[in-house]
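Asker: Dumping the structure here so I can ask a few things about it.
Where a number appears in this text, it was derived from the coordinates with a stated rule and is not lab data. What you see is a predicted model, and the numbers here were worked out from it, not measured in a lab. Positions of Cβ are generated from backbone atoms using ideal geometry, with glycine treated the same way; all protein chains shown enter the neighbour counts.
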Amino acid sequence: MTGRRTPKSTHATRRPTRESASAQRAAGERSRSGGPAAPTRPGGAPSARRRLQKILAEAGVASRRAAEDLLRAGRVTVNGRVAKLGESAEPDRDVVAVDGVSVGREPAVYWLLHKPRGVITTVRDPEGRPTVLGLVPDREHRLYPVGRLDRDTEGLLLLTNDGRVAHALLHPSHESEREYRVTVTGRISAEALRRLAAGVELEEGRTAPARIGRAVFDPATGTACFSLTLIEGRKRQIRRSLAALGHPVVRLVRVRMGPLQLGDLAPGQARPLRPSERRALLVSTGVEGPAGLKRPARGPR
């Protein structure tokens, strides 16, 4: 035999290119997040997947740390599925939502609704009852109600597709005010109003301090009416608190939420926010400019 060298195989392993390495990293990230295994888009284009907390932070919904808390609480979904901390998504393909409100996929729109009694505050109802979404004429955008008003409560309700604003209005740390016009049975005493303002002990704990307006008693109906401003929104909180004080609620109307006023909007009617209202909403929630949310003072005025 001669000492000739054997030629190298044409299939010898090559050093991965920068593009193939990034594709492999994307594939690993997809695998870890439970998503599809394909590392690239059709045609070989690199994936645009990003961690969910980064997507939420870039959309202005919350800081990355706060976004992690949202994920741990199960409030974030991807394409309708509850997401977990560590998952990723493609913002231009996947529907990422917080509390049912999609993040950064369409122009933000805001509708003000005067919810009437007997209408359910939800997108759809399995029992076929009328919902607030049926009262808004906008059929082009995916709107969601910000917070809830129970079936018998009337008044101001905001519907939007802006997850940043919805989060800011609802999260306790932002202390966004909700003002109600309350009508109760009987002549409510100054002591009862003081207790309501200081906080009422419920099954899950004492309510936060509230601001109470002067009560006016109507002898013709045997009811008293006053304003009540809260910074928290427990389930049926006002009704339960006043029932505990011996004054069941006859009528409850929300007249303000943050900077938004119900005004003379008729029950069952909805309208888009005016430009000035939209600016005030974005500023008050901190989405644009300095935030202006404040805690109500203690005690009745």
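Asker: So what are the three principal axis dimensions of segment 82-149 from its Cα atoms, in whole Å, longest to shortest?
Answerer: Between the extreme Cα coordinates on each principal axis of segment 82-149 lie 42, 24, 18 Å.
Asker: Among the aspartates and glutamates, which fall within straight-line cross-link reach of residue 235, defined as a Cα-Cα distance under 19 Å, with same-chain neighbours fewer than 8 residues apart omitted?
Answerer: Leaving aside aspartates and glutamates fewer than 8 places away in the same chain, those within reach of residue 235 are 99, 125, 150, 152, 154, 175, 177, 179, 201, 203, 204.
Asker: Roughly how many nanometres apart are two label points built 7 Å out from the Cα toward the Cβ at residue 198 and residue 127?
Answerer: 3.8
Asker: Turning to a different aspect of this structure: Along its principal axes, what span do the Cα atoms of segment 48-103 show, with the longest given first and each in whole Å?
Answerer: Projected onto its principal axes, the Cα set of segment 48-103 covers 24, 19, 19 Å.
Asker: In whole Å, what are the Cα extents of segment 110-284 along the three principal axes, biggest one first?
Answerer: Result for segment 110-284: principal-axis Cα extents of 49, 33, 31 Å.
Asker: Please give the residues of segment 81-120, grouped as numeric ranges, whose backbone N is less than 15 Å from a label point set 7 Å along the Cα-to-Cβ vector of residue 152.
Answerer: It comes to 117-120, nothing else.
Asker: Taking θ = phi - 60°, what integer Hz values does the Karplus form 6.51 cos²θ - 1.76 cosθ + 1.60 yield along segment 146-151, in sequence order, with x for Gly and Pro?
Answerer: 8, x, 9, 10, 5, 4
Asker: Would you please give the residues with an amide H less than 5 Å from that of residue 287, counting only those at least 5 places away or on a separate chain, with H modeled from the backbone geometry?
Answerer: none
Asker: Mind listing the phi-derived Karplus ³J(HN,Hα) values for segment 126-134, rounded to whole Hz, using 6.51, -1.76 and 1.60 with θ = phi - 60°, and x for any glycine or proline?
Answerer: Ordered by residue, 3J(HN,Hα) equals x, 8, x, 6, x, 10, 5, 5, x Hz.
Asker: Also, quick follow-up: What's the extension gain from residue 81 to residue 190 if we count 0.36 nm per residue and subtract their Cα-Cα distance? Don't skip to the end; give the middle numbers.
Answerer: Numbers: separation 109, 0.36 × 109 = 39.24 nm, distance 4.96 nm.
Gain on stretching residue 81 to residue 190: 34.3 nm.
Asker: Quick one: what are the phi-derived ³J(HN,Hα) couplings along segment 251-257, Karplus 6.51/-1.76/1.60 with θ = phi - 60°, whole Hz, x for glycine and proline?
Answerer: So the J values, rounded to whole Hz, are 8, 9, 10, 7, 10, 8, 9.
Asker: Using +1 at the C-beta of Lys and Arg and -1 at the C-beta of Asp and Glu, which of 77, 88, 103 has the Cα lying farthest in the positive direction of the dipole of segment 48-103?
Answerer: Of the listed residues, the answer is 88.
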